[in-house]
Amino acid sequence: MTSPLTGSQVPHPALDTVDLVDWSLENAEASGSALALEEGDTDPWALPQLKDTGQSWKELSVTGRVRWVVGGILKASGLLGNLYLFICSLDTLSSAFQLLGSKVAGDIFKDNQVLANPVAGLVIGVLVTVLVQSSSTSSSIVVSMVASKLLTIQASVPIIMGVNVGTSVTSTLVSLAQSGDMGEFRRAFGGSAVHGIFNWLTVLILLPLESAAAVLERLSALALGATSLQPGARAPDILKVLTQPITHLIIQLDTDLITGSATGNANSSLIKRWCGARAQMTKGNSSACGAAECFRRNGTSPEDKLPCHHLFVGTVLTDLAVGLILLAASLLMLCTCLVLIVKLLNSMLRSRVAQAVRTVINADFPFPFGWLSGYLAILVGAGLTFVVQSSSVFTAAVVPLMGVGVISMERAYPLFLGSNIGTTTTALLAALATPSNMLLSAVQVALIHFLFNLAGILLWYVVPALRLPIPVAKRFGDLTARYRWVAIAYLLLSFLLLPLAAFGLSLAGSTVLAAVGGPVAGLLLLVVLVNVLQCHRPTWLPRCLRSWAWLPHWLHSLEPWDGLVTHCCPCQACSAPHATTKKAHCYENPEVLASQHL
């Protein structure tokens, strides 16, 4: 029996959940919700279409063709010039962090009781690499300590793992420059996160294994025992040869003092004041004195030393003050160059040539050899990193290309893995150039670094089903596209706050670290397991664990946190517009729609 209606109420047919969803989707299309279209009809991780907005070559007049050629040359020159300044700013940023943190890093490395704890060694490797912004510098400090018998090979293995993790912070910082566009930021931050996630997952597997069985240490010792090493020449540093004319005019640091800060041999300023001696110019003149005697005598005379030529050579400022100045200037230059590079790439990626380049980069070999494409990308990443002599520069150059849609996540992932291999081969060749008394220790540390990255590839790439960093990084990218502040939270938690907390607990002793860190790690693993089962096998869980709705809202949703962040920072870059987000949330949840009055 139908109940009577009052007023202007009109009876409507009963709507089940499917009808509500269909009705909501039709209204969503009518209202033109871009986010609902993006979430429902298109893959947000698909590379964007590169539309050719100009005329074809045949349609252009002679004047138009000349303008097109001149414009292309100017854009290419601007792109190369900004890329060069971008690399120089990365070098200056590394020098700034070394001025700010190298002595602190040396003090951290001196504490042998802390380094005996594998977790503390891992955290120290992360923090030191973040402080000095150079995995090569961190590795050289470890090599010097091992060669000086201040650090054992066993204690150096976790530190090398931490160095590998800390080097991914540079690409994460670079991705923040593309936070203005949601699609670009999703791809750029996801690309930077996949590098760090790969390193962290590898550490989670290999650190307990190394602590229990010393696998990497034994494998590196076997490899050394099977070869007869001869000291060789240092690998050519092509990138520094190109950037030194600019960076040496800004700042020069004494690398021996940076390495010596860990062994307690450096107490003076890291800023280099003297770059040679006049005795080197008259070394061949043996009429007055012997070459060694001249060098020794003239080297101790300040009037015979050759001063360096850079901005801070005669400054009265402390290393801390100079480091802060360089940090601010290099970050400003870094962001400016990156924004210009992105804009130039967006302007250049509108032609058929650009479309062809993107197709070639992301292409796969024909069946049945398609699986070889990823391994070729690993070799390319290793080769390019070896050429530029810096994994940070290579990954920082790939991230903007991912943001503008030139390189896909699936192709960037093996490139990053190859970059990890490339930086270890560079360290291995550099170790071969060390003095004979340090040769074995230096080469073994470099081999451990190489074997760590090789084991990571075997774990997380060889079997396609185990390429977990890709879906996890995409999840991070989707989350940061909706909540921009999550990128800052990830950066602070992964590379600063959590390592500092673990380091503080390690100072209290292994018992305290295990008592606090063990339950926290177990709880995190349980939450991850429950989330996976909720998505794929909810029937395996008790009814109360099939959703997190029974928890307070702030424990299972980022919306309350987003409201807090946007209240403190009411800018559009902190979060996506709330109205669109709520619409998409309603359209995607039939339970919410069923509870609403239509």
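Couple of notes before you dig in:
- Yes/no for Ala321 being at pLDDT 80 or above, more than 25 Å from Pro414 (Cβ to Cβ) and open to solvent by 40 Å² or more (accessible area, probe 1.4 Å): no
- Pairs with Cβ under 8 Å, 6+ apart, first in region 450-464 and touching a residue at least 12 places away in the same chain (Cβ under 8 Å), second aromatic (Phe, Trp, Tyr): Gly456/Phe198; Trp460/Phe198; Tyr461/Tyr413
- Condition met for Thr395 (touching a His at 6+ places or on another chain (Cβ under 7 Å), part of a helix (DSSP H, G or I) and within 30 Å of Leu334 (Cα to Cα)): yes
- Helices (runs of 4 or more DSSP H) fully within region 138-215 that include at least 1 residues being open to solvent by 20 Å² or more (accessible area, probe 1.4 Å) and free of Cβ contacts under 8 Å to residues at least 40 places away in the same chain: 182-213.
- Close pairs from region 366-390: first touching a residue at least 40 places away in the same chain (Cβ under 8 Å), partner acidic (Asp, Glu), Cβ under 6 Å, at least 6 apart: Gln389/Asp237
- Residue match in region 392-406 (condition: without any contact (Cβ under 8 Å) to a residue 60 or more places away in the chain and farther than 18 Å from Phe189 by Cα): no
- Within region 77-101, residues that are surrounded by fewer than 22 Cβ atoms within 10 Å (Cβ to Cβ) reach partners that are acidic (Asp, Glu) and assigned to a helix (DSSP H, G or I) with beta carbons closer than 8 Å, at six or more positions or on different chains, in the pairs Leu100/Asp319.
The values are calculated or read from the model by the stated rules, or taken from the named source; none is laboratory data. The structure displayed is predicted, hence computed values, not measured ones. Because the Cβ atoms are built from the backbone with ideal geometry, glycine has one as well, and the counts that use them run over all protein chains shown. Each accessible area value is taken on the protein alone, full model and side chains, heavy atoms only, with ligands, DNA and RNA left out. Shrake-Rupley method; radii C 1.70, N 1.55, O 1.52, S 1.80 Å.
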